[in-house]
Structure formats: structure tokens, C-alpha cells
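Okay, so here's the structure we're looking at.
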Amino acid sequence: MNIDMRVNELPARTYRWLQLNGEDINEQDISFSSFAMDIVKTPEGVSIAEDVDGKEAEKVFAPSYEQRVKADENLVGPNGDTSINHAGQIVRTGMGSGVDALLESAGVRATVIKAADKTSVSEPVMLHDHLCSSGSAISRQVIVVPDGSSLTVIMDYDSDEDASGIEAVSTKFYVGKGATLRLVKIQMLGKKVRHFDDLGGVVMDNGRFELVQMEIGAMKAYAGAYVSLLGREAVSDNNTGFLGTDDQFYDFNYVAEQRGVKTSSMATYRGVLDGRAVKNWRGSLDFREGSVGGEGDEQEDTLLLSPDVVNRSIPLILCKEENVDGRHGATIGQLSDDMLFYMEARGIDKESAKKIMVRARLDSIARMIPDEKLKDKVSSYLDEIL
């Protein structure tokens, strides 16, 4: 099959010359050989249903979809509004409706992960996918955390060193009233693989969604996250780390759609670019009508270690409500001469100093992984590529 789709679109278009309105993906003659991730661990208090029809799996989103449609019935969108391109999605995702179309055309069925009612699950659900040298993989998950429950889900992807296919993952989540979902996604694919990671979900009253994501492999990686804070005092906390070396290309899109009263969103993207790596980052806070007292903060912190890297960033705030607090910022720079002098004065050469700084930034994200074996795996992977 051929893949031709536009992904990671901004909620509202900006100047075309910035090259950040979205990204086009064109792949020819792709044959998927794997359609589900391996379930490594299923703790007590969690049910997992495999091979579920996609539409059936997403019925849990129907009430929240109707709520959003009704709220937007007579509203006029911003200039350059791109929401029409996602009209068919029952739950919006960061990469967009193109991934949904890809899932349907490839006949991918869903894995549904659900916590028991009013249950705090202490151990994480763990999923893993290994991409072999001769294949491509695509999978979809729907995670449901009912009212009053809490759940942690860990997903990691790796591959054979010479793998050159596609690893495509679609994850959608529902966080009920007073519920908590901690989602960990770790990408350590080989340097010839193309990676799609599409994420989207809704958070209801007093619910909390926490994302820890690391993109440190693949030749090209596209990662989109769209979090709809529909309920009163719903919370989203996103911590993403990335490392781009050689000719790697990363394209990120994060949208916090804040609709409920006193919602709160925080997004931190922290990473390093070296060699001829290219990175696009889009971060959007979208305060909708009714989001009175909402707070949002998005921060990017990127260390540039080569004059040949390309770093494009666009933080965006859209606002239809007056009494909100939205903040954004980007810290982008190189290793300072003062820092290098300080380290060299203590016997640390320039190359070692660079590695220390890289590890410090990535370890600040890696330490949030709630599994020691996976932390060690990330550390070993970084040792190999640095």
C-alpha cells in the first residue's frame, strides 16, 4: 500500500514560509506484517481485549464527542482554522485523521486496555514491539480509565539494527472523573526506521493525564499528542525528551484543548540536536469558551551541538475566554564557553562535556520512567549512540 497523508497540523495555520503548518508523509509500497504490540505484563485489576473492531473500541468517546460538537455548534473558528480536516475523528489526535484513515485501510483492529471500576492499579501494564529487519508494524490501542480509577501504561519500541521499515502506533485514551492515567512511550528504533506515534484523548472532571515520552531513535519520527481537557479541573502534564544526531528528522505536535473550568496543562519538551539533525516543534494551548480560570504552560528547551542542525519551533496560544493564564517559551542555545571552560579546568575534555550535558537533559525525562529495567535499557541505548 501507499501512504500519502498530512500530519501534525497546527490548529490554525500560520505563514507558509515558516514551514510549520504541518508535514506531508509519502511512503510507497508499504506492507505491514505486524498489527498489534506484544503484551508483556497485565497486572491484577486490568482487562485487555485484543482484536476489537476499531469503531466498537471507540464507542467510549461518543458522549464526549457529542459534548464537543454541541459546544462548537455556533462558534466561528480562528483564521486559518484546520478543524475541518479532523471532522471525522470521534476523538482528535495529534497527527490527525490521516492516521485513522491509514488504520482503516490497513484493516487494523484495536487492543482495548481497561482498568476496573474505582480501582487504583499499582503495577503498570507493559507493551512492547520489536521491528524485525524485513517488516513494518502498525497497531492501535484504546485505554480506558473509569471514574475514580488510576492506571499506568508503559509502551516501548525497538528494532533490529538493520531494520528499515515503518513502526506506526495509534493510542487513544479516556480518563474518567477523578481518574488518573500515566502513559509512558519510549522509542529506541534503528536509524533506518520511520516512526509514527499518534496520540489523543479526553480527560473528564478532576481527571489527570500524565505523559512521559522519549524519542531517541529512528531515521524519521512523527509524534503528535492532542489532549482534550473537557471536565472541570482536568489536568494534563506532558514531559517529552528527544535526541537527534546524524541526519535524523523529528516532527512534534502538541495541542492542549482546554474546555472545562479551571483546567490545567503543562508541556515540557527537552532535548538535544547534533550532526545534521532537523526538528520541528509545534506547541498549542487552545482555550475554548467556558475554560474560565484555565492555566496552560508550554516550554521547549533544546541544546544545539552543531552548526548544521535545523531547529524550528512555534509556540501558539488560541483564546476564546478572557479569564485564563497561558504561557509559553523556548530556550534554544549552544554549550556556553563558560561551561566548557569550567569543565575543562576540571580535566573534562570538550567531547566528554557534550556527553555529560546530553545525558543530563535526557536523564531528567528518563528518571520519570516507572520501571527500572526500562530505565536501564534507555541508558544502554544512549551509551551506544553517544
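Inside region 1-58, can you point out the residues that are closer than 20 Å to I84 by Cα, open to solvent by 90 Å² or more (accessible area, probe 1.4 Å) and either touching a residue at least 40 places away in the same chain (Cβ under 8 Å) or in contact with a helix residue (DSSP H, G or I) (Cβ under 8 Å, 6 or more places away or on another chain) (or both)?
Within region 1-58, R6, R13 meet the criteria.
Given the options V144, V169, V125, name the one that is closer than 21 Å to A57 by Cβ and touching a Lys or Arg at 6+ places or on another chain (Cβ under 6 Å).
Sole residue among the options that is closer than 21 Å to A57 by Cβ and touching a Lys or Arg at 6+ places or on another chain (Cβ under 6 Å): V144.
Could you figure out which of (1) in contact with a Phe, Trp or Tyr (Cβ under 9 Å, 6 or more places away or on another chain); (2) touching a residue at least 60 places away in the same chain (Cβ under 8 Å); (3) open to solvent by less than 10 Å² (accessible area, probe 1.4 Å) isn't true of V125?
(1)
I need the full set of residues from region 145-160 which are open to solvent by less than 10 Å² (accessible area, probe 1.4 Å) and in a loop (DSSP other than H, G, I, E, B), in order please.
The one that is open to solvent by less than 10 Å² (accessible area, probe 1.4 Å) and in a loop (DSSP other than H, G, I, E, B): S149.
Inside region 102-122, can you point out the residues that are over 27 Å from R208 (Cβ atoms), touching a helix residue (DSSP H, G or I) at 6+ places or on another chain (Cβ under 8 Å) and open to solvent by 10 Å² or more (accessible area, probe 1.4 Å)?
Those that are over 27 Å from R208 (Cβ atoms), touching a helix residue (DSSP H, G or I) at 6+ places or on another chain (Cβ under 8 Å) and open to solvent by 10 Å² or more (accessible area, probe 1.4 Å): E104, R109.
For region 23-60, which residues satisfy the criterion of being touching a Lys or Arg at 6+ places or on another chain (Cβ under 7 Å) and at positive phi?
The one that is touching a Lys or Arg at 6+ places or on another chain (Cβ under 7 Å) and at positive phi: D51.
What do you reckon, is V203 under 28 Å from I385 (Cα atoms) and either at pLDDT 95 or above or open to solvent by less than 10 Å² (accessible area, probe 1.4 Å) (or both)?
Criteria not met by V203.
Would you confirm whether any residue within region 211-226 is under 30 Å from D117 (Cβ atoms) and of a type in the set (D, E, K, R)?
No, the conditions are met nowhere in region 211-226.
For region 314-350, what are the residues that are over 28 Å from the mean Cα position of the chain (by Cα), open to solvent by 40 Å² or more (accessible area, probe 1.4 Å) and of a type in the set (A, V, I, L, M)?
Selection gives M339, A345, I348.
Is region 80-92 home to any residue that is open to solvent by less than 90 Å² (accessible area, probe 1.4 Å), basic (K, R) and in contact with a helix residue (DSSP H, G or I) (Cβ under 6 Å, 6 or more places away or on another chain)?
yes
The values are calculated or read from the model by the stated rules, or taken from the named source; none is laboratory data. Since the structure is predicted, the reported quantities are computational estimates derived from the model, not experimental observations. Glycine also receives a Cβ, built like all others from the backbone with ideal geometry; neighbour counts cover every protein chain displayed. What goes into the accessible areas is simple: the full protein's heavy atoms, side chains included, and nothing from ligands, DNA or RNA. Shrake-Rupley method; radii C 1.70, N 1.55, O 1.52, S 1.80 Å.
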